[in-house]
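The values are calculated or read from the model by the stated rules, or taken from the named source; none is laboratory data. Predicted model only: the values in this text are computed from it and were never measured. Positions of Cβ are generated from backbone atoms using ideal geometry, with glycine treated the same way; all protein chains shown enter the neighbour counts.
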Amino acid sequence: MKKERKSRGLSLVLPLAAFLFVLGFSQNAHAYAWMLQHGYTACSTCHADPSGGELLTPYGRVTSDLILRMHYGAPAKDDPPPSPGVFWGAWEPPEPLLVSGSYRNLYVIRPNQPGHEVAFVPVMQADLYGQLRLGKFRLGGSLGLSKVTAGSANARAAQVTAGQGNELNLIARNYYAGYEFSSEFLLRAGRLNLPFGVRIPEHTAWVREATRTDRESDQQHGLALAYVGEHMRAEFMGIGGNFQLGPDQFRERGYSAYVEGIANSHLAAGISSKVTFAEVDRLTYEANTLRQAHGLTLRAAPFDNLSLLAEVDALFRTNADAGYVGFAQVNYEAIQGLHVLVTGEILDQGLAQSALVTSTGYGEPNLGGWLSLDWFFFKQLEFRTDLITRTTDKFTLIGQLHFYL
Amino acid sequence: MSLNSKTRFVAIVLGGLGIALSAQAALSSAGPSTFEFRAIGPAGLTINGEGSGLVATEAGGIVTLVAPLTELKTGISLRDDHLKKALEVTAHPKATLAVERSKLTFPADNKEFDGSAVGQLTLHGVTKPTKFTYKVKRTGSDYHLQARLEIDITQFNIEVPCYLGVCVDKNVKVKTGFKLRDN
């Protein structure tokens, strides 16, 4: 049902109030959140990126073997400890060198899309990651392959080669030079994941798409200072634009940042903020667009093996009403290595001033729900399936096989 | 001696007897106990662990807490093994904290007290004076205690545990909760 333009104030206040209610309600949580349940309140013990994701440290690789994946049978007393080496322990790089990689394929079933009911993407992701540490200095990056359909928004922004059709392209999502001032402070310059919101792997989740902060290809060039401490973690990035895109008028410039307070090993809450300006928006082609996203995040574990992740962001952009986006995800680890996830999401990007009537997602909320099964069935191997229903797309079933080095 | 004087005398004698009996009563554990520790690593790494079987006894005016170290748990078995190796629990299976009872304050019935004291902590075969804070609440003859201390493990000749380049801080926080009963 279409509605005429109206004040967006209430639309913004309601999800924020709901979020704050959840935050208040969760203050008495007593168990650990997902990886927090093992005392890992921050990400950089296991990942080279201080805010998490991609390149694993040897400690991270061993930790994933011990507590992430499913184990079969009772462990023998004299079992050797897991190897920190890559290729399932076949090679242990020298200490200053981190090497890792990730491969994903994708199966999609969309019965409501005639002609595209079933799709198989043999290579959704094929990336190699590395980092060399020279004293306090770090040099790192990723290199991968992508093959997406013509017109796809995915992968394009990370392309190194210029193909715009469905040919194979070389991509580089991240690369940087960094300096470690201390074990808490890391300064990096390069193409980096944007520090914003909850760093989830679901790059198509609306919180990541609407804020343009996914790790699929939304990285930008800039300078980022990260802090990771016992009770707080934060990262601020000045965005200079994505120099893998051109011409310059399409580049977004501004900042992206988050601060998360860690109350204890099972509760953390934060704020995120992002403001960028582009002469021409690369996706909507709107001129002189200022985009803003400001929001709150929550990570908590009210019970053993059950965690809650949530985020709500207010969205603002030039020539449009204010909007909002949010998600909440409950993750239940039924058996070590087998996760059942239930996710709810909401999106209203705000009605563009040029539009006369609202539509779903633009002046009217678009609602989504995910039911997911994530099975870390063997060392460095994962199978995940998601059943997704959204107001605008009633049924999508996807499956992914993922292995990481 | 007047009646009032006799009454006062009897009261003083009985009161003195009560004090003597109280002084002879010894504290010992009653009910369950908790024993937790927290080690901090780099980049936000927090290792929470726990033990069990904390026992308190009193003899000769010294209250002694004994914590078994052989069953410490951190949630990851490999980490537990590393911890036990660092503590050399085969050779040193227990940690003890001995405190003079006179250095502790025990409140009146249904009252609470927050304070600190110094005891002799024996860990890894090394004994050092160690300050701790405690909170105690009395209900009848039971004292409900929470004690906290921070230990610099290097002072006890324990090597800072490191694994795959990740080392924990030398200062480890310990928190205990237990109930003592005046027997």
Hey, can you tell me all the residues within the stretch A:175-198 that are away from chain B (no Cβ under 14 Å) and at pLDDT below 95?
-> A:VAL198
Pick from the stretch A:246-268, criterion among the aliphatic types (A, V, I, L, M) and buried (at least 19 other Cβ atoms within 10 Å of the Cβ), ranking: nearest to A:ALA189 (Cα to Cα) = A:ALA257
Scanning for something within 14 Å of chain B (Cβ to nearest Cβ), crowded, with 20+ Cβ neighbours inside 10 Å and at pLDDT 80 or above, does the stretch A:23-40 turn up at least one residue?
-> no
Test B:LYS84 against the criterion of being part of a strand (DSSP E or B) and of a type in the set (D, E, K, R), and give yes or no.
-> no
Pick from the stretch A:194-204, criterion surrounded by fewer than 24 Cβ atoms within 10 Å (Cβ to Cβ) and of a type outside the set (Val, Ile, Thr), ranking: farthest from A:VAL330 (Cα to Cα) = A:HIS203
Unmet criterion (only one of (1) farther than 30 Å from A:LEU56 by Cα; (2) touching a strand residue (DSSP E or B) at 6+ places or on another chain (Cβ under 8 Å)) for B:LYS173 | (1)
Going by the conditions given, is A:THR149 in contact with a strand residue (DSSP E or B) (Cβ under 6 Å, 6 or more places away or on another chain), surrounded by fewer than 17 Cβ atoms within 10 Å (Cβ to Cβ) and not in a strand (DSSP E or B)?
-> no
Name the one entry in A:GLY344, A:GLY369, A:GLY363 that is at positive phi and in a strand (DSSP E or B).
-> A:GLY363
Selected residue (only one of A:GLY270, A:GLY254 is within 14 Å of another protein chain (Cβ to nearest Cβ) and not in a loop (DSSP other than H, G, I, E, B)) = A:GLY270
Starting from residues that are within 30 Å of B:THR46 (Cβ to Cβ) and among the aliphatic types (A, V, I, L, M), keep the ones in the stretch A:254-292 and report whichever is nearest to the chain's Cα centre (by Cα).
-> A:ALA257
Unique residue being free of Cβ contacts under 8 Å to residues at least 40 places away in the same chain, under 12 Å from B:HIS124 (Cα atoms) and either surrounded by 15 or more Cβ atoms within 10 Å (Cβ to Cβ) or touching a Cys at 6+ places or on another chain (Cβ under 8 Å) (or both) when the list is B:VAL66, B:VAL89 = B:VAL89
For A:PRO84, work out the one condition from (1) closer than 29 Å to A:HIS221 by Cβ; (2) surrounded by 19 or more Cβ atoms within 10 Å (Cβ to Cβ) it doesn't fulfil.
-> (1)
Identify all residues within the stretch B:44-63 that are under 18 Å from B:LEU180 (Cα atoms), in contact (Cβ under 8 Å) with a residue 24 or more places away in the chain and among the small types (Gly, Ala, Ser); write none if there are none.
-> B:ALA56, B:ALA59, B:GLY61
Restricting attention to the stretch A:210-230, which residues are within 14 Å of chain B (Cβ to nearest Cβ) and under 18 Å from the mean Cα position of the chain (by Cα)?
-> A:ALA226
Listing of strands (runs of 3 or more DSSP E) fully contained in the stretch B:103-183 that carry 2 or more residues being within 14 Å of chain A (Cβ to nearest Cβ) and in contact with a helix residue (DSSP H, G or I) (Cβ under 9 Å, 6 or more places away or on another chain) | B:171-182
Sort out which residues of the stretch B:143-183 are among the charged types (D, E, K, R), closer than 30 Å to A:SER83 by Cβ and in contact with a Ser or Thr (Cβ under 7 Å, 6 or more places away or on another chain), and write them in order of number.
-> B:LYS170
Report, by residue number, each residue of the stretch A:59-86 that is touching a residue at least 40 places away in the same chain (Cβ under 8 Å), facing chain B (nearest Cβ under 9 Å) and in a helix (DSSP H, G or I).
-> A:ARG61, A:ILE67
Count, please, the residues in the stretch A:273-310 that happen to be in a strand (DSSP E or B) and more than 30 Å from B:THR74 (Cα to Cα).
-> 18
For the stretch B:146-164, which residues satisfy the criterion of being modelled with pLDDT under 95 and crowded, with 19+ Cβ neighbours inside 10 Å?
-> B:PRO161
Out of the stretch A:87-112, which residues are among the aliphatic types (A, V, I, L, M), more than 14 Å from every other protein chain (Cβ to nearest Cβ) and either farther than 18 Å from A:LEU128 by Cβ or crowded, with 16+ Cβ neighbours inside 10 Å (or both)?
-> A:VAL99, A:LEU106, A:VAL108, A:ILE109
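Conditions (1) closer than 30 Å to A:HIS339 by Cβ; (2) surrounded by 18 or more Cβ atoms within 10 Å (Cβ to Cβ); (3) hydrophobic (A, V, I, L, M, F, W, C); (4) free of Cβ contacts under 8 Å to residues at least 12 places away in the same chain, marked per residue:
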position: A:ALA278; (1), (2), (3), (4): no, yes, yes, no
position: A:ALA287; (1), (2), (3), (4): no, no, yes, yes
position: A:GLN292; (1), (2), (3), (4): no, yes, no, no
position: A:GLY295; (1), (2), (3), (4): yes, yes, no, no
position: A:ALA300; (1), (2), (3), (4): yes, yes, yes, no
position: A:PHE303; (1), (2), (3), (4): yes, no, yes, no
position: A:GLU311; (1), (2), (3), (4): yes, yes, no, no
position: A:ALA320; (1), (2), (3), (4): no, yes, yes, no
position: A:TYR324; (1), (2), (3), (4): yes, yes, no, no
In the stretch B:36-53, what residues are within 8 Å of another protein chain (Cβ to nearest Cβ) and part of a strand (DSSP E or B)?
-> B:ILE40, B:LEU45, B:THR46, B:ILE47, B:ASN48
All but one of (1) closer than 25 Å to A:LEU55 by Cβ; (2) not hydroxyl-bearing (Ser, Thr, Tyr); (3) not in a strand (DSSP E or B) hold for A:VAL357, so report the exception by its number.
-> (1)
Evaluate the following for A:LEU134: is it of a type in the set (A, V, I, L, M) and surrounded by 14 or more Cβ atoms within 10 Å (Cβ to Cβ)?
-> no
Within the stretch A:334-345, identify whether any single residue is surrounded by 16 or more Cβ atoms within 10 Å (Cβ to Cβ) and over 29 Å from A:PHE378 (Cα atoms), and answer yes or no.
-> yes
